[in-house]
Structures are given as structure tokens and as C-alpha cells.
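Here's the structure we're looking at; comments come further down.
The values are calculated or read from the model by the stated rules, or taken from the named source; none is laboratory data. None of these values were measured; they are calculated from a predicted model. Positions of Cβ are generated from backbone atoms using ideal geometry, with glycine treated the same way; all protein chains shown enter the neighbour counts.
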Amino acid sequence: MAITLEDVENIAHLARLQLSPTEKQEALSSITNILQVIDQMQSINTTGVEPLAHAYEAAQRLRDDVVTEKDQRITLLALAPSTQRGLFLVPKVLE
């Protein structure tokens, strides 16, 4: 797929970017290189290759699910301006 300088100007206009002539040429070159890489990737035969869920297939290091903090519920509820049956009460903000 070929891209022209007019395409770059149109994209810059849609993105509300003001590009100098040098920046337009650099953008054209970068986009062209990206499209060439995409074309190369699409030409690769991937028959029989299973898709990956993530580019780095590795096992996650898991830790034991252990409580590390003590229960401070009563202490924190005592600091609240208003509570009821162990819950924080807050002012109504929507009608």
C-alpha cells in the first residue's frame, strides 16, 4: 500500500497538526517504512502456528494468599462521622 504526501497532509489536517515540509517528509518516510514491515509480516506463511495469548508466554510467579494486615475495621469505623450497622454512611449526592 502506497501513501502519498497528500495523504500525510490529510492525516495531519484531521489530527489538527501543523507540520513543516520537513516534518511531512519525515512522517511520509516513517509511515512508508511501517507499511513495508506490515506487508512483509503479511507475506509470512503462518499455517500451523498457534496464536499466543501474550508475546511472552511464561508462568506467573504466585504467592500464597495470606493475610498480612490486621483487622482495623472497628478503629476505622470509629473515625467516620456517620456509620450504621458496620457501614460508612455518606451524604446522598444524586436524587
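Taking the residues in the range 25-73 that are aliphatic (A, V, I, L, M) and part of a helix (DSSP H, G or I) as candidates, determine which candidate is farthest from GLU9 (Cα to Cα). Before you say what the answer is, go through the steps one by one.
So the first thing to find is which residues in the range 25-73 are aliphatic (A, V, I, L, M), and the list is 27-28, 31, 34-35, 37-38, 41, 44, 49, 52-53, 55, 58-59, 62, 66-67.
Then keep just the ones that are part of a helix (DSSP H, G or I); that gives 27-28, 31, 34-35, 37-38, 41.
Values: ALA27: 10, LEU28: 9, ILE31: 12, ILE34: 17, LEU35: 17, VAL37: 22, ILE38: 22, MET41: 27 Å.
It comes out as MET41.
In the range 78-95, which residues are at negative phi and assigned to a loop (DSSP other than H, G, I, E, B)?
From the range 78-95, those at negative phi are 78-84, 87-95; that's our starting set.
Residues satisfying the conditions are ALA80, PRO81, SER82, LEU89, VAL90, PRO91, LYS92, VAL93, LEU94, GLU95.
Yes/no per residue for (1) of a type in the set (A, V, I, L, M); (2) at pLDDT 95 or above; (3) within 30 Å of VAL90 (Cβ to Cβ):
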| site | (1), (2), (3) |
| --- | --- |
| GLU9 | no, yes, no |
| LEU14 | yes, yes, no |
| GLN25 | no, yes, no |
| GLU50 | no, no, no |
| TYR56 | no, no, no |
Selection from the range 38-95 of residues that are under 30 Å from ALA2 (Cα atoms) and either of a type in the set (D, E, K, R) or surrounded by 10 or more Cβ atoms within 10 Å (Cβ to Cβ) (or both) | ILE38, ASP39
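When residues of the range 20-33 are filtered for being surrounded by 11 or more Cβ atoms within 10 Å (Cβ to Cβ) and either of a type in the set (A, V, I, L, M) or more than 23 Å from the chain's Cα centre (by Cα) (or both), how many remain? Talk me through it step by step, then tell me what you get.
At the first step, the residues of the range 20-33 found to be surrounded by 11 or more Cβ atoms within 10 Å (Cβ to Cβ) are 23-32.
Keeping just the survivors that are either of a type in the set (A, V, I, L, M) or more than 23 Å from the chain's Cα centre (by Cα) (or both) gives 23-29, 31-32.
So the answer is 9.
For the structure I just gave you, tell me whether LEU17 is outside any helix (DSSP H, G or I), surrounded by 10 or more Cβ atoms within 10 Å (Cβ to Cβ), within 24 Å of the chain's Cα centre (by Cα) and among the hydrophobic types (A, V, I, L, M, F, W, C).
Details: outside any helix (DSSP H, G or I): yes; surrounded by 10 or more Cβ atoms within 10 Å (Cβ to Cβ): yes; within 24 Å of the chain's Cα centre (by Cα): yes; among the hydrophobic types (A, V, I, L, M, F, W, C): yes.
So LEU17 passes the test.
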